[in-house]
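Below is one structure; the comments refer to it alone.
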């Protein structure tokens, strides 16, 4: 078998099936990454969503004995929302991060990787092939960096020369010994735009992030959001793009190559008040195809309540009051109490005092007190 010719055929085929960039690297362990991950664990900087086994995250052989290569792929996604609906004083809107626009990227990349697997299986009968996207064990960014897809920016995202950091990443481990590509040299230089733009200071330094403070992570949690971060959330319902939009390498970057990735403006920038009472079925029908729906509706609703407080939207008091009185979930009741206090309308005092008399949950009572204290200032 001519491996060099096969590699070229894979590259040509990848273009036909809608892969925007492809790279190859060895299946040797990611020793530098391993050291960084151990340090992240020691500092308590991990989100908890990652694969906990560092050996699996850094050693392809632990996932596929006999692995010789990894194929990395990247698909560019849009950064500009066409025909974006306006957020008005009485109809405030939230926002899903760009990585959650369109169809869930896990499905899109798995489709491309599956087609690539079929192609390789036909070319090399008996070849071992194992694909993964994001939720797999390996670090997508580490693989992409070593495969020459892009360099790892100070914002911890892979930045490509062609598409900036607006790319989805996936990879395939194989026992086919492809020749590795050359990594791209770091081009961030002395720039620190992303570090300065981070709303919570989660970017500790270039290339190091405290995931526990990252707004993107915080929007995906299900418990009460620590009060110190609520102002930082703004109207974000899922994810955060601040470190990407601030990056000079993303200036003017906006690609619309894939129909599946085109966002529905009303879905990715939805009205906030209707989210507070949305049912499970309607939530699934409206948001179920977005990657941002993976944690269910509770975090989205909590974030919508915080956003209404952020906007000081007095028109939302009836909806917030209903949540405070009737919602069975303490996190939503308590967050609604905080938002009512944040809005600061004098008519909110009796609403919170009434809730205080009826409420049994200690955490909710604490949030009611926070709301009342804001109103008494």
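The values are calculated or read from the model by the stated rules, or taken from the named source; none is laboratory data. Not measured: the values here are computed from a predicted model. Methodologically, a virtual Cβ is constructed for each residue, glycine included, from the backbone with ideal geometry; neighbour enumeration extends over all protein chains shown.
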Which condition does residue 94 not pass, out of (1) in contact with a helix residue (DSSP H, G or I) (Cβ under 6 Å, 6 or more places away or on another chain); (2) closer than 24 Å to residue 159 by Cα; (3) not assigned by TED's automatic domain parsing to the domain that holds residue 142, if it passes all the others? (2)
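Just checking, does the stretch 68-78 include any residue being part of a loop (DSSP other than H, G, I, E, B), closer than 30 Å to residue 274 by Cα and touching a helix residue (DSSP H, G or I) at 6+ places or on another chain (Cβ under 9 Å)? Before you say what the answer is, go through the steps one by one.
We begin by selecting, within the stretch 68-78, every residue part of a loop (DSSP other than H, G, I, E, B); these are 68, 77-78.
Restricting the remaining residues to those that are closer than 30 Å to residue 274 by Cα gives 77-78.
Remaining after also requiring touching a helix residue (DSSP H, G or I) at 6+ places or on another chain (Cβ under 9 Å): 77-78.
There is at least one residue in the stretch 68-78 that is part of a loop (DSSP other than H, G, I, E, B), closer than 30 Å to residue 274 by Cα and touching a helix residue (DSSP H, G or I) at 6+ places or on another chain (Cβ under 9 Å).
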Test set (1) closer than 21 Å to residue 223 by Cβ; (2) in contact with a strand residue (DSSP E or B) (Cβ under 8 Å, 6 or more places away or on another chain) - residue 290 fails condition number: (1)
May I ask you to say which residue of 340, 306 is more than 23 Å from residue 239 (Cα to Cα) and either surrounded by fewer than 15 Cβ atoms within 10 Å (Cβ to Cβ) or touching a residue at least 24 places away in the same chain (Cβ under 8 Å) (or both)? 340
Reported set for the stretch 348-377 where residues are under 18 Å from residue 329 (Cα atoms) and exposed (fewer than 12 other Cβ atoms within 10 Å of the Cβ) is 357, 358, 360, 362
Please verify whether the stretch 123-138 includes one or more residues that are touching a helix residue (DSSP H, G or I) at 6+ places or on another chain (Cβ under 8 Å), part of a helix (DSSP H, G or I) and either at positive phi or at pLDDT 95 or above (or both). yes
Taking the stretch 182-238 as the region of interest, how many residues are assigned to a helix (DSSP H, G or I), at pLDDT below 95 and under 26 Å from residue 72 (Cβ atoms)? 1
Given (1) free of Cβ contacts under 8 Å to residues at least 12 places away in the same chain; (2) not assigned by TED's automatic domain parsing to the domain that holds residue 148, residue 42 misses just (2)
